[in-house]
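Please read the structure below before turning to the comments.
All of the numbers you see were taken from the coordinates with simple rules; none came from a lab. These numbers come from a predicted model, not from an experiment. Because the Cβ atoms are built from the backbone with ideal geometry, glycine has one as well, and the counts that use them run over all protein chains shown.
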Amino acid sequence: MKTGYALDVKSRKSSRAALLPAKLTAEAAGTFFITLVPTVVDIGFFTGHGVDFVSRWLARGFIATAMIYALSGVSGAHLDPAVSLAFAVRRVLEPPLLAAYVTAQFGGAFAAAALAYAIWGPAVALGASHPGPEISPALAFVTEIVLTLLLVLVILATAEEEVKVGKQAAVAVGLTICAAGFSGGWVSGASMNPARSIAPQILGGSYGLVWIYAAGPCLGAILAALLAPLIFGPPNERERKAAKGEGA
């Protein structure tokens with residue numbers, strides 16, 4: 001019996017290990033597309049190529065919805081270091097997996113920014129998040145905190161009710177991204193995602209803005225994770241599974 005139990009435990013550990021490459025590939029691929037689409041759309045918007053304000057934010061919500069539908073069952077479809085950080089603060093994502101997810105996310109984002117740079121050169125900086133005209137960096141920073149707080153609370157809420165909500169969480173998250181863009185996009189660019197913003201900023205040479213889109217979303221995510229116990233209570237098994245994908 002002990003031998004059988006030991007083999008069963010070993011088999012389960014091997015199965016989880018085998019899933020890790022798929023999870024990291026999903027995070028990298030998903031972040032690639034949710035970086036590429038907003039970057040290209042913003043380049044079109046700022047260069048006057050027929051992209052209007054509404055389309056700019058609908059595109060972000062649509063691609064996020066599509067990627068979550070496609071990948072949530074594999075990795076949980078975080079596609080955002082701030083989201084992964086929130087799950088880690090909630091203690092449903094272990095630190096080694098957090099580090100692996102964030103590495104994959106930044107890898108996907110830099111690959112997308114590199115592709116955009118290969119086509120448009122330094123104009124890729126136009127596709128990076130930045131404060132609106134006459135908006136101070138401090139106000140953009142606070143806006144990123146608040147918008148990310150909203151987004152991550154929605155994500156944590158749908159993770160808590162994963163059995164009832166399922167893949168329809170993609171719609172809730174996509175609509176939240178659209179709403180955040182309509183309300184705060186003119187202030188900060190409504191990034192809520194360090195990987196999506198920092199990659200095109202660095203390749204485009206906009207180094208002075210990196211701190212806004214690194215610290216703002218991370219602080220918003222931490223605040224959301226700290227508020228979550230007051231709203232949803234302690235994390236449950238549904239949230240643990242949702243954070244890592246259904247196959248976790």
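What the table below lists for this structure:
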| read-out | value |
| --- | --- |
| Approximate shape of the range 21-244 as ellipsoid semi-axes (Cα gyration tensor, √5λ), whole Å, largest first | 27, 18, 16 |
| Angle in degrees between helix 2-46 and the longest Cα principal axis of the chain, rounded to the nearest 10 | 10 degrees |
| Label-zone membership for the range 208-226, site R91, 7 angstrom Cα→C-beta point, backbone N under 16 Å | 225-226 |
| In degrees, nearest ten, helix 194-204 long axis to first principal axis of the chain (Cα) | 40 degrees |
| Given charges at beta-carbon only (K, R positive; D, E negative), |dipole| of the chain in Debye | 880 debye |
| Calculated from backbone phi, Karplus (6.51, -1.76, 1.60) coupling profile of the range 85-95 in Hz, x at Gly/Pro | 4, 4, 5, 5, 5, 6, 6, 10, 9, 5, x |
| Cβ-derived FRET efficiency at R0 25 Å, F62 paired with A22, nearest 0.05 | 0.55 |
| Within a Gaussian network of the chain (alpha carbon springs, distance under 10 Å), most fluctuating of G208, G216, G107 | G208 |
| Whole-number percent relative contact order across the range 51-186, with pairs defined as alpha carbons under 8 Å at least 6 apart | 41 percent |
| Exposure proxy ranking, count of Cβ atoms within 10 Å, fewest first, for S206, S75 | S206, S75 |
| Relative contact order %, the chain, counting alpha carbon pairs below 8 Å whose residues are six or more apart | 30 percent |
| In sequence order, calculated HN-Hα J values of the range 103-115 (Karplus, 6.51, -1.76, 1.60; Hz; x Gly/Pro) | 4, 5, 4, 5, x, x, 5, 5, 5, 5, 5, 5, 5 |
| Approximate spin-label separation F53-Y207, in nm, with each point projected 7 Å along Cα-to-Cβ | 3.4 nm |
| Burial ordering of L226, L219, fewest other beta-carbon atoms within 10 Å first | L226, L219 |
